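**Q** Have a look at this one.
Quick note: the coordinates plus some simple rules give every number you see, no bench work behind them. Note that the coordinates shown come from a computational prediction; the quantities given were computed from them, not determined experimentally. Using ideal geometry, Cβ is built from the backbone for each residue, glycine included, and neighbour counts are taken over all protein chains shown.
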Amino acid sequence: MRKVKCMKRKKIVIIGPAWPYRGGIATTNERLAKEFEAEGHQVQLITFTLQYPSFLFPGSSQYATCEAPPLDIKRMIHSMNPINWWRSGKKIAQSEPDIVIIRYWIPFLAPALGTVARNIRKYSQAKVLLLADNIVPHEKRFFDNMLTRYMVQYIDGFLTMSSSVLKQLDLFDTQKPRKLSVHPLFDNYGEKMDRDTALKALSLDPKNRYILFFGFIREYKGLDLLLEAFAQMSNKDNSLKLLIAGEFYASPDKYHQMIEKLGLKEKVILHTHFIGEDQVKYYFNGSDIVAQPYKSATQSGVTQIAYHFEVPMLVTNVGGLSEIVPHQKVGYVVEKDPKEIAEALDDFYSKHRYDFFVRNIKEEKQRYSWDKLTKACYEVCDEINS
């Protein structure tokens with residue numbers, strides 16, 4: 001393979017979710033493509049004709065309702081068709097890319113993406129990089145390691161967005177080039193706005209205060225811990241509300257029963273539908289603090305949305321979350337314990353921490369620019385076969 005001169009104009013292909021698919025990974029891929037374009041490169045996004053079969057998808061829809069972004073996006077890969085994998089890899093190779101970046105977050109897609117990567121390497125001189133959200137998934141299955149091992153063998157270099165994922169990578173490869181580049185800001189959901197305006201858009205009373213739980217609701221995200229903590233808070237002011245915004249990707253019955261049992265029916269607001277990109281800004285601008293009581297994690301796009309909108313955060317000490325939320329500076333890092341979560345939230349309100357945290361967020365957020373991720377890509381390219 002020839003060595004790509006990464007600072008020169010090049011053709012870059014990003015493989016993974018993109019419009020018309022929805023969600024944070026698709027949004028990140030599109031934002032990364034825009035950054036590469038801004039740096040003068042030719043970029044194409046290759047996404048799926050079928051991403052998940054409907055019976056495997058836990059949400060209401062896989063598809064976005066917004067218009068297509070102004071990017072070169074081509075639907076090509078069928079996750080369930082091995083013949084398509086071979087053809088797609090060869091077709092991408094024939095377009096003669098310099099760099100191919102494959103987004104990896106779930107072993108289910110390893111056979112498809114690994115085979116695509118295999119043929120790209122076989123039929124082109126492209127450097128094939130894996131941008132890994134997870135190497136070991138949150139919800140584990142017995143065949144995960146076998147599938148991930150298949151994927152990893154056809155990759156030239158790796159990019160991770162947390163040190164915990166970088167460490168996971170050692171289970172499958174210790175030799176190939178790799179770089180850690182923390183998840184950049186989600187700066188494509190609009191601008192910071194007046195709190196009352198945001199709450200009015202959501203038909204919420206600005207006289208109340210809001211703790212926000214945001215994103216798809218899955219078991220590992222610890223909403224049950226947050227509900228227990230909210231019930232334990234010493235602050236019993238009825239104007240303090242827990243706003244849960246996101247679609248259930250797990251059975252809602254458990255959480256509804258907890259709300260009833262803990263006596264929180266009047267204090268919990270459920271917006272448990274998919275939150276479109278045009279609505280995200282209202283939830284963050286209307287909230288005092290974002291709570292992420294995760295039971296396991298690598299990194300999270302939610303923290304980077306909070307940084308963009310300058311909202312204090314509470315996270316649990318799992319995965320890479322504590323790396324990007326300095327404790328008592330921009331928010332809180334606590335253990336996976338309802339009592340600790342409750343004490344931190346009580347501290348936030350009783351000691352009026354909001355303004356102090358926001359001042360620090362304005363400074364801290366400068367660390368998370370998108371050019372740091374593209375720079376890490378170039379550096380991995382230079383290390384491949386150097």
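**Q** In the stretch 174-211, which trypsin sites (Lys or Arg not before Pro) are in a loop and have at most 11 other Cβ atoms within 10 Å, using DSSP for the loop call?
**A** Lys207
**Q** For Glu35, what charge total do you get from the other residues with a beta carbon under 15 Å from its beta carbon, if Lys and Arg give +1 and Asp and Glu give -1?
**A** +1
**Q** While we're looking at this one, here's another question. If exposed means no more than 13 neighbouring beta carbons inside 10 Å and the site is in a DSSP loop, what's the longest run of the chain without any exposed GluC sites (Glu not before Pro)?
**A** 192-265
**Q** Here's another thing I want to ask about it. Nearest 10 degrees, 0 to 90: what angle lies between the long axis of helix 82-94 and the longest principal axis of the chain (Cα atoms)?
**A** 70
**Q** Something else now. Report, in degrees rounded to the nearest 10, the 0 to 90 angle that the Cα long axis of helix 354-364 makes with the longest principal axis of the chain.
**A** Once rounded, one gets 20 degrees.
**Q** Sticking with this structure for a sec: With r defined as the distance between the Cβ atoms of Gln94 and Asp253 and R0 fixed at 41 Å, what FRET efficiency is calculated, to the nearest 0.05?
**A** Calculated value: 0.20.
**Q** Just to confirm a number: summing +1 for Lys and Arg and -1 for Asp and Glu over residues other than Ser203 whose beta-carbon lies under 15 angstrom from that of Ser203, what do you get?
**A** Neighbour charge sum, excluding Ser203 itself: +2.
**Q** If I stretch the segment between Leu270 and Gln366 completely, what's the gain in nm (0.36 nm per residue apart, minus their alpha carbon distance), one decimal?
**A** Going from the current span to full extension adds 31.3 nm.
**Q** Counting Lys and Arg as +1 and Asp and Glu as -1, what is the net charge of the other residues whose Cβ lies under 13 Å from the Cβ of Glu363?
**A** Taking every Cβ under 13 Å from that of Glu363, the sum is +3.
**Q** Treat each spin label as a single point 7 Å out from the Cα along the C-beta direction, and report the Leu50 to Thr174 distance in nm.
**A** Modelled inter-label distance: 4.0 nm.
**Q** Using a cut-off of under 20 Å, list every residue of the stretch 64-99 whose amide N is near the label point 7 Å from the Cα of Lys11 along the Cα-to-beta-carbon line.
**A** Residues 71-77, 85-99 fall inside that zone.
**Q** Using a Gaussian network model on the chain with a 10 Å cutoff between Cα atoms, which of Ile14, Ile269, Ile289 fluctuates the most?
**A** Of Ile14, Ile269, Ile289, the most mobile in the Gaussian network model is Ile269.
**Q** Also: With a 10 Å Cβ neighbour count serving as the proxy for reagent exposure, in which order, fewest first, do Arg75, Arg9 appear?
**A** Arg9, Arg75
**Q** Using 0.36 nm per residue of separation minus the Cα-Cα distance, give me the extension gain between Asp72 and Glu260 in nm, one decimal.
**A** Full extension from Asp72 to Glu260 adds 62.8 nm.
**Q** Specify which labelled value, from (i) 1.00; (ii) 1.06; (iii) 0.98, agrees with Rg/Rh (Cα atoms, Kirkwood Rh) derived from the coordinates of the model shown.
**A** (iii)
**Q** Related question: Output the pairs from Lys10/Lys176; Lys11/Lys375; Lys236/Lys261; Lys90/Lys127; Lys10/Lys362; Lys207/Lys236 with a Cα-Cα distance over 24 Å in this structure; if there are none, say none.
**A** Too far apart for the 24 Å limit: Lys10/Lys362.
**Q** Starting from the coordinates of the alpha-carbon atoms of the stretch 195-367, obtain the Kirkwood hydrodynamic radius over all distinct pairs and give the value in Å to one decimal.
**A** 15.9
**Q** What value, in deg cm²/dmol to 500, does the helix sum -39500 (n - 2.57) over DSSP H runs of n ≥ 4 give at 222 nm once divided by the residues of the chain?
**A** Value at 222 nm, helices only: -10500 deg cm²/dmol.
**Q** Given labels modelled 7 Å from the Cα in the Cβ direction, how far is it in nm from Phe142 to Trp86?
**A** Calculated label separation equals 3.0 nm.
**Q** Would you work out the relative contact order for the stretch 11-143, in percent, from Cα pairs under 8 angstrom that are 6 or more residues apart?
**A** It rounds to 25 percent for the stretch 11-143.
**Q** Moving to a separate point now. State whether the stretch 169-233 is rounded, prolate or oblate according to the following rule on the C-alpha gyration tensor (a ≥ b ≥ c being the square roots of its eigenvalues): a/c under 1.5 gives rounded; otherwise a/b larger than b/c gives prolate, and the remaining case gives oblate.
**A** Note, shape of the stretch 169-233 comes out oblate.
**Q** Give me Lys351, Lys241, Lys339 ranked fewest to most by other Cβ atoms within 10 Å of their Cβ, as a rough exposure proxy.
**A** Lys351, Lys339, Lys241
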